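S.K.: Structure in structure tokens, see below.
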Amino acid sequence: MRVTKKIAVLSAASALALVMSACGTDDENGTTDTVQDAVPTMEDDTTMEDDTTMEDDDMAMGDGVTTVDDVFGEACGAVPTDPSDPGSLDGMVADPVATAASNNPLLQTLATAVDEAGLVDTLNDPNAEYTVFAPTDDAFDALGEETLNEVLADQEQLTSILTYHVVPERHDRDAILEAGELETIQGETITISGSGDDVTVNDATVLCGNIPTANATVFVIDTVMLPPEE
């Protein structure tokens, strides 16, 4: 519709230019004054639209940003389904990752550990983007009560373990599988393998992946990964 209107405007402008050319007055150089030069051309308008298209492309979502429709894994069924629940997939989208984890019924021990390590503000940083491999409560329980209590009481060790589960870029399932290895905030690398919905990270299995939060993509895993000993 816009192109049709532009063509109509150009046709009218051209006709007006011809009339004024016939009735116009020559200047000292013998040239005829017209209004044709004042009409924007199709080429100029096309350039403007191309610029707009480029701006739209710049505003598109970057790699690693997922939606609730991208979530996969059988354990996703354990997440609340009521969109008004902050622990639901829809609820987690609006919150930064530490807050989102604290609302998820699968990740209560992780939320406690993040708080004990003093990492809440770091993970909730709105200017940062992460990929988080989040162990379930059962994964922490598998450490045994004594070991878990020791880890929670040792902030340095706890911080090392937790940051070993965080990658300082945002990736979705396809990206982590393509990468094969990712460097964590802790400094060591983790290995990703599998295909489709069957994804493993080191020796951990992804139970629910591609979970979107405000600043991270989350993969819930069944094992607490321990960084290599130095």
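The values are calculated or read from the model by the stated rules, or taken from the named source; none is laboratory data. In this text, all values refer to a predicted model and were calculated from it rather than measured experimentally. All Cβ positions, even for glycine, are placed from backbone atoms using ideal geometry, and neighbour counts span all protein chains on display.
S.K.: Out of Gly144, Gly209, which single residue is out of contact with any Gly (no Cβ under 9 Å at 6 or more places or on another chain), small (Gly, Ala, Ser) and assigned by TED's automatic domain parsing to the domain that holds Leu106?
M.R.: After ruling out the rest, the residue left standing is Gly144.
S.K.: Return the pair list, or none, for Cβ contacts closer than 6 Å from residues in region 117-139 that are closer than 22 Å to Asn202 by Cα and touching a residue at least 40 places away in the same chain (Cβ under 8 Å) to residues that are buried (at least 24 other Cβ atoms within 10 Å of the Cβ) and among the aromatic types (Phe, Trp, Tyr), at least 6 apart or on different chains.
M.R.: Pairs that qualify, where the first residue is closer than 22 Å to Asn202 by Cα and touching a residue at least 40 places away in the same chain (Cβ under 8 Å) and the partner is buried (at least 24 other Cβ atoms within 10 Å of the Cβ) and among the aromatic types (Phe, Trp, Tyr), are Phe133/Phe219.
S.K.: Do you know which of the residues in region 153-164 that are crowded, with 18+ Cβ neighbours inside 10 Å and among the aliphatic types (A, V, I, L, M) is nearest to the chain's Cα centre (by Cα)?
M.R.: For region 153-164, the residue satisfying everything is Leu162.
S.K.: Next question, about the same structure. Does at least one position in region 174-191 carry a residue that is among the polar types (S, T, N, Q) and either touching a residue at least 12 places away in the same chain (Cβ under 8 Å) or in contact with a Ser or Thr (Cβ under 7 Å, 6 or more places away or on another chain) (or both)?
M.R.: yes
S.K.: Determine which member of the set Leu123, Leu106 is touching a strand residue (DSSP E or B) at 6+ places or on another chain (Cβ under 8 Å), crowded, with 18+ Cβ neighbours inside 10 Å and at pLDDT below 95.
M.R.: Of the residues listed, the single one that is touching a strand residue (DSSP E or B) at 6+ places or on another chain (Cβ under 8 Å), crowded, with 18+ Cβ neighbours inside 10 Å and at pLDDT below 95 is Leu106.
S.K.: With respect to the numbered conditions (1) over 19 Å from Ile211 (Cβ atoms); (2) modelled with pLDDT of 95 or more, which one is the sole condition not fulfilled by Tyr130?
M.R.: Condition not satisfied by Tyr130: (1).
S.K.: Tell me the residue from Thr205, Thr163, Thr184 that is in contact with an Asp or Glu (Cβ under 7 Å, 6 or more places away or on another chain) and not aromatic (Phe, Trp, Tyr), please.
M.R.: Exactly one residue qualifies, and that residue is Thr205.
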